[in-house]
Amino acid sequence: MRFYSYRVEHDYGLAPNPFGKYCTLAVCKGQIRKNSKLSIGDWIIGFGTESLGVPQKLIHAMRIDEIITFDEYWNDKRFAYKKPVINGSLKQMYGDNFYHTVNGVVVQENSAHSKNDGIENEEHKEKDTSGKNVLISNCFYYFGDACVEIPTEFKSIIGPPRPIKSKSIPEEVKEPFLNWLSLNFQQGRMGDPISWKIHLAT
């Protein structure tokens, strides 16, 4: 079991998308999503940053239960509710299910990563699709704006400001950390995305 830890610079409910029964990671974090060692049962853990105003606080932890392609994600009825509705609620606006292929060509649907007029954003498209995989979790803890401090004995899990941390996380802290999560918190979404306050303030 591997832990992939990183710092969250933006939390809009897009990456990861914690809504409904599943927490999904379909865009951003290409380093994790394309990692050749990624396996079912691994965990992805995101911690806050200074820019979010919550440095080193736990924002989410998601166990990888499925690894699928963009087309499988797009065509699976379970994830239809994660297709974005730009003029909908904030939850709908930040749906992450917007890549699929048409006649072998990758299409970016109108979404939070396309341009304002719905035209494809090639920079986002290249970065997002370089990740190749969509990661699905039905065992997750998403705190968002209810993010929490983790006990001192688990601080070694927190990643550096930018890169992904995995190999350097000590094996002996993994099970105790997961036990701490399960004993103290309910699975699922416990807060709203931190960056939503930008929208709600306008």
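The values are calculated or read from the model by the stated rules, or taken from the named source; none is laboratory data. Just so we're clear, the structure is a prediction, and the values are computed from it rather than from any experiment. Methodologically, a virtual Cβ is constructed for each residue, glycine included, from the backbone with ideal geometry; neighbour enumeration extends over all protein chains shown.
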Practice problem: Could you list, in sequence order, all residues of the range 159-184 that are modelled with pLDDT of 95 or more and crowded, with 16+ Cβ neighbours inside 10 Å? | Solution: V173, K174, F177, L178, L181
Self-check item: Segments classed as helices (runs of 4 or more DSSP H), wholly inside the range 1-110, with at least 1 members that are hydroxyl-bearing (S, T, Y)
Solution: 70-75
Exercise. Determine, yes or no, whether V134 is of a type in the set (A, V, I, L, M, F, W, C), at pLDDT 95 or above and farther than 18 Å from I32 by Cβ.
Key: no
Quiz item: Across the range 131-173, which residue is farthest from G191 (Cα to Cα) among those that are of a type in the set (S, T, N, Q) and not in a loop (DSSP other than H, G, I, E, B)?
Solution: S156
Quiz item: If you check S111 against the conditions, is it touching a helix residue (DSSP H, G or I) at 6+ places or on another chain (Cβ under 9 Å) and either crowded, with 17+ Cβ neighbours inside 10 Å or at pLDDT 95 or above (or both)?
Solution: yes
Exercise. Give me a count of the residues in the range 121-139 that are in contact with an Asp or Glu (Cβ under 9 Å, 6 or more places away or on another chain) and either among the β-branched types (V, I, T) or surrounded by fewer than 23 Cβ atoms within 10 Å (Cβ to Cβ) (or both).
Key: 4
Quiz item: When you go through L38, L58 one by one, which is the residue that is buried (at least 22 other Cβ atoms within 10 Å of the Cβ) and not aromatic (F, W, Y)?
Solution: L58
